[in-house]
Amino acid sequence: MMTGEASASSQAQIEGANFLNLPVVDDEKSVREACREVAQSLGFNSSAADSPEHAYRLLDAQSIDVVLLDLKMPGAGGLDALRQIKQRRPDAVVIVVTGYGTVQSAVQAMQSGAYDYVTKPFSMEELRLLLERAANHLKLKTENRMLREKVKSKQGFGSIIGRAPEMERLYRIIAKAAHSTHPVLILGESGTGKELVARSIHFSGPFRDKPFIPVDCGSLVPTLIESELFGHVKGAFTGAAQSKDGLLAIAEGGTVFLDEVGELPVDLQAKLLRAIQEKEIRPVGSTKRITINVRILAATNRDLEQGVSQGTFRRDLYFRLNVLSLRIPALRERRQDIPLLIAHFLERLSRASGLERTLSDEGLKAMLAYDWPGNIRELENCLERACALTSGPVIQVGDLPSSIYSVRPGPSALGDTSSKITPIAELEKQTILGAIAQLNGDKLTAARLLGIGKTTLYRKLKDYTSQ
Ligand SMILES: Nc1ncnc2c1ncn2[C@@H]1O[C@H](COP(=O)(O)OP(=O)(O)OP(=O)(O)O)[C@@H](O)[C@H]1O
Ligand SMILES: [Mg+2]
């Protein structure tokens with residue numbers, strides 16, 4: 001039934017296929033066995049059924065991801081089986097096998113929910129391509145579902161808290177940006193909500209069902225970022241045992257969010273610019289170019305213009321990314337939103353723990369007076385910590401980190417002691433290094449407790465070592 005010389009065992013396995021169950025339903029033993037062999041060689045967990053009834057028994061016994069179904073079977077027939085399968089497992093990807101000259105039945109099958117069809121006789125290569133496509137389809141669907149679950153609470157403007165006029169302005173720009181496909185540069189200090197805004201732009205736009213893929217340009221070594229973004233072919237470098245698709249290709253039709261784009265090494269900036277301009281990428285080690293269709297959002301807490309004038313950031317890429325830019329205000333610039341944010345996080349924390357928590361007046365006063373250098377992330381962490389520490393339903397000022405409530409001497413109290421004053425940058429450095437030392441080098445926990453992002457922490461550490 002199948003044409004083509006290559007033996008099944010010579011096929012490269014499809015990444016992720018070994019988690020997928022694939023029954024082959026065909027009354028003809030030779031076809032059934034051949035298809036099953038191909039599917040297995042590609043890495044699927046393949047089983048076989050010689051009748052629709054047999055297939056239903058499999059369906060009841062295990063999860064089903066892809067089904068290869070012969071349309072022409074005795075009894076109720078394949079079309080009926082297709083409907084039954086889709087009814088029981090709406091998410092299953094069913095590929096129907098039709099006989100030559102029965103295009104009509106293939107059309108009917110597609111209308112009844114088949115993913116695709118293949119006409120007998122088909123080559124192994126045809127079948128392989130189809131299965132590869134089905135596996136990719138499933139992978140994207142799951143990833144997307146996971147992402148959507150993860151960000152459910154973060155979607156839309158509804159999840160961005162703030163009524164300050166600067167925020168209202170921001171919402172209008174987000175709404176506009178969501179319906180365009182141009183790159184957007186999101187600026188703001190650490191913890192101001194850059195990623196949240198990026199997600200809002202994606203999830204309130206027309207391509208919200210396509211992937212949203214964040215890439216942290218600051219936390220990966222340059223060679224890794226290149227292969228993450230552009231992909232690589234097998235053997236492109238030591239350790240590249242399998243070829244891998246780049247995120248710019250995987251996000252097809254969706255968004256890639258380049259977080260901390262200011263950290264991108266200059267040579268990669270050139271490659272990224274070319275990719276955006278030509279809508280093409282070349283995987284590491286490959287000579288072929290792949291067309292991409294992806295929306296770019298980028299964020300940074302660095303001053304990119306300064307980067308441009310210092311030669312660390314390419315001017316042409318800056319202009320490309322900066323078609324539309326929005327700046328998220330620091331929390332200290334919109335203090336009127338502090339009570340709203342406190343209420344929001346307390347409610348969320350109460351819901352999660354089942355324990356109602358409120359903030360004492362003293363606590364609120366201290367939080368309103370504080371400068372929040374780590375912005376909303378710091379405020380969120382501060383409340384999380386306070387909820388964990390407090391013994392009663394009311395968070396007392398003493399449950400807050402001492403940096404928030406400790407009274408610092410005003411300028412008049414300083415007298416002539418300016419030489420004893422430590423610059424803020426130095427205090428910050430001591431605090432960061434001290435925290436890491438206390439936590440035996442655990443940088444992730446240090447970042448969390450300090451109320452800053454891990455990227456920010458890594459960048460600061462890099463700055464300290466290069467000083
Ligand atoms: N306006 C807001 N309303 C509610 N939650 C917010 C808001 N802004 C930020 N957050 C929350 O604060 C935390 C930090 O936000 P986010 O990660 O988007 O900031 P960031 O600017 O990307 O920070 P960093 O520069 O440290 O990576 C997240 O948990 C986010 O949900
Ligand atoms: Mg971020």
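The values are calculated or read from the model by the stated rules, or taken from the named source; none is laboratory data. All values reported here derive from a predicted model rather than from experimental measurement. Quick reminder, even Gly has a Cβ in these numbers, built from the backbone with ideal geometry, and neighbours come from all protein chains shown.
Restricting attention to region 182-203, does a residue exist that is away from ligand 2 (no atom under 14 Å from the Cβ), in contact (Cβ under 8 Å) with a residue 24 or more places away in the chain and hydroxyl-bearing (Ser, Thr, Tyr)? So far as region 182-203 goes, no, none of its residues is away from ligand 2 (no atom under 14 Å from the Cβ), in contact (Cβ under 8 Å) with a residue 24 or more places away in the chain and hydroxyl-bearing (Ser, Thr, Tyr). Sub-6 Å Cβ pairs linking a first residue in region 359-386 that is in contact (Cβ under 8 Å) with a residue 24 or more places away in the chain and buried (at least 17 other Cβ atoms within 10 Å of the Cβ) to a second residue that is acidic (Asp, Glu) and not in a helix (DSSP H, G or I), at least 6 apart or interchain, are ASN375/GLU189, ordered by first then second residue. Being within 16 Å of ligand 1 (Cβ to nearest atom) and within 15 Å of the chain's Cα centre (by Cα) is not true of VAL184.
Among the residues of region 230-255, those that are over 14 Å from SER286 (Cα atoms) and either more than 16 Å from ligand 2 (Cβ to nearest atom) or of a type in the set (D, E, K, R) (or both) comprise THR238, GLY239, ALA241, LEU247, LEU248, ALA249, ILE250, ALA251, GLU252, GLY253, GLY254.
Being crowded, with 18+ Cβ neighbours inside 10 Å and of a type outside the set (Val, Ile, Thr): is that true of LYS210 here? It is true that LYS210 is crowded, with 18+ Cβ neighbours inside 10 Å and of a type outside the set (Val, Ile, Thr).
For region 76-95, a tally of residues being at negative phi, in a loop (DSSP other than H, G, I, E, B) and surrounded by fewer than 16 Cβ atoms within 10 Å (Cβ to Cβ) returns 4. Do we have ASP259 as charged (D, E, K, R), in contact with a strand residue (DSSP E or B) (Cβ under 8 Å, 6 or more places away or on another chain) and over 30 Å from ASP337 (Cβ atoms) here? Taking the combined requirement at face value, the residue does not satisfy it. For region 430-467, the candidate set comprises residues that are more than 19 Å from ASP259 (Cβ to Cβ) and surrounded by 17 or more Cβ atoms within 10 Å (Cβ to Cβ); within that set, the residue that is modelled with the lowest pLDDT is ILE436. Among the candidates ARG32, ARG83, ARG57, the residue that is under 20 Å from LEU129 (Cα atoms), out of contact with any helix residue (DSSP H, G or I) (no Cβ under 8 Å at 6 or more places or on another chain) and modelled with pLDDT of 80 or more is uniquely ARG32. The set of residues in region 280-310 being in contact with a strand residue (DSSP E or B) (Cβ under 6 Å, 6 or more places away or on another chain) and either more than 22 Å from SER190 (Cα to Cα) or acidic (Asp, Glu) (or both) consists of GLU280, ILE281, PRO283, VAL284, GLY285, ARG289, ILE290, THR291, ILE292, VAL294, ARG295. Taking the condition within 12 Å of LEU229 (Cα to Cα), within 16 Å of ligand 2 (Cβ to nearest atom) and modelled with pLDDT under 95, does LEU258 pass? In short, no.
Does at least one position in region 9-21 carry a residue that is modelled with pLDDT of 85 or more and either surrounded by fewer than 20 Cβ atoms within 10 Å (Cβ to Cβ) or assigned to a strand (DSSP E or B) (or both)? Checking region 9-21: at least one residue is modelled with pLDDT of 85 or more and either surrounded by fewer than 20 Cβ atoms within 10 Å (Cβ to Cβ) or assigned to a strand (DSSP E or B) (or both). Within region 319-354, the residues that satisfy the criterion of being under 30 Å from ARG295 (Cα atoms) and touching a strand residue (DSSP E or B) at 6+ places or on another chain (Cβ under 8 Å) are LEU321, ASN322, VAL323, LEU324, SER325, LEU326, ARG327, ILE328. Of the residues examined, LYS288 is not one that is away from ligand 1 (no atom under 16 Å from the Cβ) and within 25 Å of GLU195 (Cβ to Cβ). Of all residues in region 279-311, how many are free of Cβ contacts under 8 Å to residues at least 40 places away in the same chain and more than 14 Å from GLY262 (Cα to Cα)? Qualifying residue count for the region: 6. Among the residues making up region 157-181, those that are near ligand 1 (Cβ under 8 Å from one of its atoms) and either among the β-branched types (Val, Ile, Thr) or not in a loop (DSSP other than H, G, I, E, B) (or both) are SER159, ILE160, ILE161, MET167. Within region 31-52, identify whether any single residue is assigned to a loop (DSSP other than H, G, I, E, B), surrounded by fewer than 16 Cβ atoms within 10 Å (Cβ to Cβ) and among the small types (Gly, Ala, Ser), and answer yes or no. For region 31-52, residues assigned to a loop (DSSP other than H, G, I, E, B), surrounded by fewer than 16 Cβ atoms within 10 Å (Cβ to Cβ) and among the small types (Gly, Ala, Ser): absent. Restricting SER227, SER219 to residues that are hydroxyl-bearing (Ser, Thr, Tyr) and under 23 Å from GLY307 (Cβ atoms) narrows the list to SER219.
Filtered by the rule that a residue be of a type outside the set (Val, Ile, Thr) and assigned to a loop (DSSP other than H, G, I, E, B), region 254-295 gives GLY254, GLU260, LEU264, PRO265, LYS279, ARG282, PRO283, GLY285, SER286, LYS288, ARG289, ASN293. Taking the criterion of being in contact (Cβ under 8 Å) with a residue 24 or more places away in the chain, surrounded by fewer than 20 Cβ atoms within 10 Å (Cβ to Cβ) and within 16 Å of ligand 1 (Cβ to nearest atom), the only residue of region 217-274 that qualifies is SER219.
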